[in-house]
């Protein structure tokens, strides 16, 4: 349970940083970033796998690069559910999703260790 809370906080921090430094993505405060991280986690767990299966032929043709488009769509979809979170277009959504995933991966490695669990090495 603690690992889940740390991952949620790490994702919220990544979203907050992207919202403050990337033009086109607006996250007014950390509480909004926490809500976005929660919604993004739910959207990525429920809708993203279905979308990846539907777009599998396109993804195969593009050698997996279409996944960036799907990730951008999921990032943009979070704006529908969180009122204060806005993204100005699809390109900022794709770039924001990419940067959030990189920052989240680095911060998770720092805070959770190699095994990805609280108390790991």
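Over the chain, what is the mean sequence separation of C-alpha contacts under 8 Å (at least six apart), divided by residue count, expressed as relative contact order in percent? Each step should come with its number before you reach the end.
Details: 147 pairs, mean separation 38.8, N = 121.
The value is 32 percent.
Out of 78, 37, 45, any idea which swings most in a Gaussian network model of the chain, alpha carbons joined below 10 Å?
Largest GNM mean-square fluctuation: 45.
Work out how much length residue 20 to residue 61 would gain on full extension: take 0.36 nm times their residue separation and subtract the Cα-Cα distance, in nm to one decimal. Present the calculation step by step, with values, prior to reporting the outcome.
Values: separation 41, 0.36 × 41 = 14.76 nm, distance 3.52 nm.
Gain in length upon complete extension: 11.2 nm.
Taking the beta-carbon count within 10 Å as an exposure proxy, list 35, 8 from fewest neighbours to most. Walk me through the intermediate numbers first.
On the way: 35 19, 8 14.
Starting with the residue having the fewest Cβ neighbours, the order is 8, 35.
At 0.692 mPa s and 37 °C, plugging the Kirkwood radius over alpha-carbon pairs of the range 1-65 into Stokes-Einstein gives what diffusion coefficient in µm²/s? Please report the intermediate quantities before stating the final value.
Values: Rh = 13.5 Å.
Diffusion coefficient, whole number: 244 µm²/s.
Which residue fluctuates most in the GNM of the chain (Cα springs below 10 Å): 46, 82, 27?
46
Which order do the peptides 90-97, 19-26 take when ranked by the mean count of other beta-carbon atoms within 10 Å per residue, highest first? Don't jump to the answer; show the numbers that get you there.
Values: 90-97: 19.4, 19-26: 15.5.
In decreasing order of mean packing, 90-97, 19-26 become 90-97, 19-26.
Any read-out appearing in this document is the output of simple, stated calculations on the displayed coordinates, not a laboratory observation. Note that this is a predicted model, so its numbers are computed, not measured. FYI the Cβ positions are ideal-geometry reconstructions off the backbone, even for glycines, and counts take in every protein chain you see.
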